[in-house]
Amino acid sequence: MGPVTVEEYESRQERYDKQLKEIYNVEIDGKSSAEKVKILRKLREERYEQLKDAVYERRGWTKNGIPTLDTVKRLGIDFPDVLDVLRANGVS
């Protein structure tokens with residue numbers, strides 16, 4: 001998720017500036033290193049969330065990482081206590 005600090009950003013500024021420009025299409029002229037760290041961090045967190053959501057969906061989980069009812073049935077683990085835990089976590 002880094003860079004976390006301005007110092008970290010500035011230690012590899014050329015690399016991070018290039019990522020902001022070429023990957024994320026961000027205009028960085030006139031922005032401080034602190035502003036660029038904040039922007040890059042936000043963009044990376046958004047990408048992480050997209051990846052996490054895709055993995056959870058592929059595995060048959062909810063967006064909170066809980067197996068869906070269909071998934072526990074497919075796996076043959078739809079025991080009453082498992083179903084109780086799912087219901088307690090909003091999965092029905």
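Just the number, please: carbon plus sulfur as a percent of the accessible area of the chain, 1.4 Å probe, no ligands or DNA/RNA counted. Mind showing how you got there, number by number?
Numbers: 3360 of 6790 Å².
About 50 percent, which is the carbon plus sulfur part of the accessible surface.
Could you give the length gained by full extension between Lys42 and Arg58, i.e. 0.36 nm per residue of separation minus their alpha carbon distance, to one decimal place?
On the way: separation 16, 0.36 × 16 = 5.76 nm, distance 2.45 nm.
Gain on extension, Lys42 to Arg58, equals 3.3 nm.
Please list, ordered by chain and number, the residues whose modelled amide H lies under 5 Å from the amide H of Trp61; skip anything fewer than 5 residues away on the same chain.
Amide H neighbours of Trp61, under 5 Å, 5+ apart: Thr68.
If I fit a long axis through the Cα atoms of helix 33-59 and take the longest principal axis of the Cα atoms of the chain, what angle between them do I get, 0 to 90°, rounded to 10?
Computed tilt is about 20 degrees.
Counting only C-alpha contacts under 8 Å and six or more residues apart, can you give the relative contact order of the chain as a whole percent? Please report the intermediate quantities before stating the final value.
On the way: 55 pairs, mean separation 18.3, N = 92.
Taking the mean separation of contacting Cα pairs over the length of the chain, I get 20 percent.
I'd like to check one number: the per residue accessible area of region 1-55, probe 1.4 Å, reported in Å² as a whole number.
On the way: 3890 Å² over 55 residues.
Averaged over the residues of region 1-55, the accessible area is 71 Å².
As a check on your grasp of the helix formula, calculate [θ] at 222 nm for the chain: sum -39500 (n - 2.57) over DSSP H runs of n ≥ 4, divide by the residue count, round to the nearest 500.
-18000 deg cm²/dmol
Can you list the lysines whose alpha carbon sits under 23 Å from that of Lys21, skipping same-chain ones fewer than 8 residues off?
Lys31, Lys36, Lys38, Lys42
Hey, can you rank 28-39, 77-88 by average C-beta count inside 10 Å, highest first? Show your work: numbers first, answer last.
Details: 28-39: 13.7, 77-88: 12.0.
The densest-packed peptide leads the list: 28-39, 77-88.
The values are calculated or read from the model by the stated rules, or taken from the named source; none is laboratory data. Predicted model, so just to flag it, every value in this text is computed and none were measured. Positions of Cβ are generated from backbone atoms using ideal geometry, with glycine treated the same way; all protein chains shown enter the neighbour counts. What goes into the accessible areas is simple: the full protein's heavy atoms, side chains included, and nothing from ligands, DNA or RNA. Shrake-Rupley method; radii C 1.70, N 1.55, O 1.52, S 1.80 Å.
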